[in-house]
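The values are calculated or read from the model by the stated rules, or taken from the named source; none is laboratory data. On a predicted model such as this, the values are computed, not experimentally measured, just so you know. Reconstructed Cβ throughout: ideal geometry from the backbone, glycine too, with neighbour counts over all protein chains shown.
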Amino acid sequence: MKLLEGKTAIVTGAARGIGKALAIRFAQEGANIAFTDLVIDENGKATEEEIAALGVKVKGYASNAADFEQTKEVVDQIHKDFGSIDILVNNAGITKDGLMMRMTEQQWDAVIAVNLKSAFNFIHATLSIMMRQRSGSIINMASVVGVHGNAGQSNYAASKAGLIALAKSIAQEVGSRGIRANAIAPGFIETAMTAALPDNVRAEWVQKIPLRRGGKPEDIADVATFLASDMSSYVTGQVIQVDGGMNM
Ligand SMILES: NC(=O)c1ccc[n+]([C@@H]2O[C@H](COP(=O)([O-])OP(=O)(O)OC[C@H]3O[C@@H](n4cnc5c(N)ncnc54)[C@H](O)[C@@H]3O)[C@@H](O)[C@H]2O)c1
């Protein structure tokens, strides 16, 4: 029996990167996959095809996770298309870095909206479905900087700290209904988001990591699979750092 056989998972921002790796890993464990991204372009189509080849049901939905009404509509549609929603991964995220003295209101608002409000939108839209089912696993994709802070990323760090506190609060609100909520705090993971960093910055990061390598999206996907599955049925309100030991 596969770990997620027959379950339906929503993964936001999953046309590429960590979200895509998660969606593929969940599908390998038998989950049906509804994923979202701003547009379903060639990346999204490729993700759909890779997942379909694993023999599960899959559909990519174009939707802005930061938009409350759009999220409600897309969750209703997914529920109609798939019949249940068992796993929700709030993964969509962006960075707009800058020191506080130079940060614009737009940089602050955009990061809080895409990283944090999106999770409120999706949890708000899915919770009543999970409550009726009396089961569900919610995973917020946070970051080690949401635990430890990072100069030049106050907006991003605040949004990720918010995702951690949101998971803990939801865990307390709906634990009695069989719904769990946890956060994953990835460290330095090799994706398009980190590819933009200059080589010297990348080298400095790797020096600080006891395992002496950046993480792979698959490293995050394995932990997410554990949190999504019944293997973690007594784990809720936790934040798991997946960072090669960078922060202990
Ligand atoms: N890469 C890392 O080192 C790292 C470290 C810690 C945390 N994270 C977090 O992991 C998550 C995934 O990161 P990634 O590295 O795969 O990034 P990525 O940029 O490769 O992928 C993010 C995806 O989210 C989508 N997206 C952006 N705004 C959206 C919106 N408003 N609605 C729907 N989709 C939207 C993008 O189109 C993209 O496909 C993010 O939340 C990020 O903050 C990444």
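Kindly check whether there is at least one residue in the range 102-112 that is near the ligand (Cβ under 10 Å from one of its atoms) and under 20 Å from Phe68 (Cα atoms). Please lay out each step first, then the result.
Restricting attention to the range 102-112, the residues satisfying the condition of being near the ligand (Cβ under 10 Å from one of its atoms) are 110-111.
From what's left, under 20 Å from Phe68 (Cα atoms): 110-111.
The answer is yes; a qualifying residue exists.
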In the range 21-62, what count of residues is obtained for those that are assigned to a loop (DSSP other than H, G, I, E, B) and surrounded by fewer than 24 Cβ atoms within 10 Å (Cβ to Cβ)? 11
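May I ask you to say which residue of Lys57, Lys45 is within 15 Å of the ligand (Cβ to nearest atom) and of a type outside the set (Ser, Thr, Tyr)?
Working: Lys57 fails: within 15 Å of the ligand (Cβ to nearest atom).
Within the list Lys57, Lys45, the selection yields Lys45.
Within the range 133-170, track down each residue that is touching a residue at least 24 places away in the same chain (Cβ under 8 Å) and over 26 Å from Glu218 (Cβ atoms). Break it down stepwise before answering.
Applying the first criterion (touching a residue at least 24 places away in the same chain (Cβ under 8 Å)) to the range 133-170 yields 133-144, 146-148, 151-156, 158-160, 162-164, 166-168, 170.
Scanning the range 133-170 gives Gln133, Arg134, Ser135, Ala151, Gly152, Ser154, Asn155, Ala158, Gly162, Lys168, Ile170.
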Take the conditions free of Cβ contacts under 8 Å to residues at least 40 places away in the same chain, aliphatic (A, V, I, L, M), under 24 Å from Ala171 (Cα atoms) and in contact with a Phe, Trp or Tyr (Cβ under 9 Å, 6 or more places away or on another chain) and apply them to Ile10. Does it pass? no
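Could you tell me which residue of the range 181-200 is modelled with the lowest pLDDT, considering only residues that are within 12 Å of the ligand (Cβ to nearest atom) and part of a helix (DSSP H, G or I)? First the steps, then the outcome.
Step one: of the range 181-200, the residues within 12 Å of the ligand (Cβ to nearest atom) are 183-197.
Narrowing further to those that are part of a helix (DSSP H, G or I): 192-195.
On the way: Ala192: 84, Met193: 78, Thr194: 83, Ala195: 84.
Among those residues, the one meeting the criterion is Met193.
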What pairs come out if I take residues in the range 190-207 that are of a type outside the set (Phe, Trp, Tyr) and pair them with residues that are away from the ligand (no atom under 12 Å from the Cβ) and at pLDDT 90 or above whose C-beta lies under 8 Å away, six or more apart or interchain? Val206/Arg212; Val206/Arg213
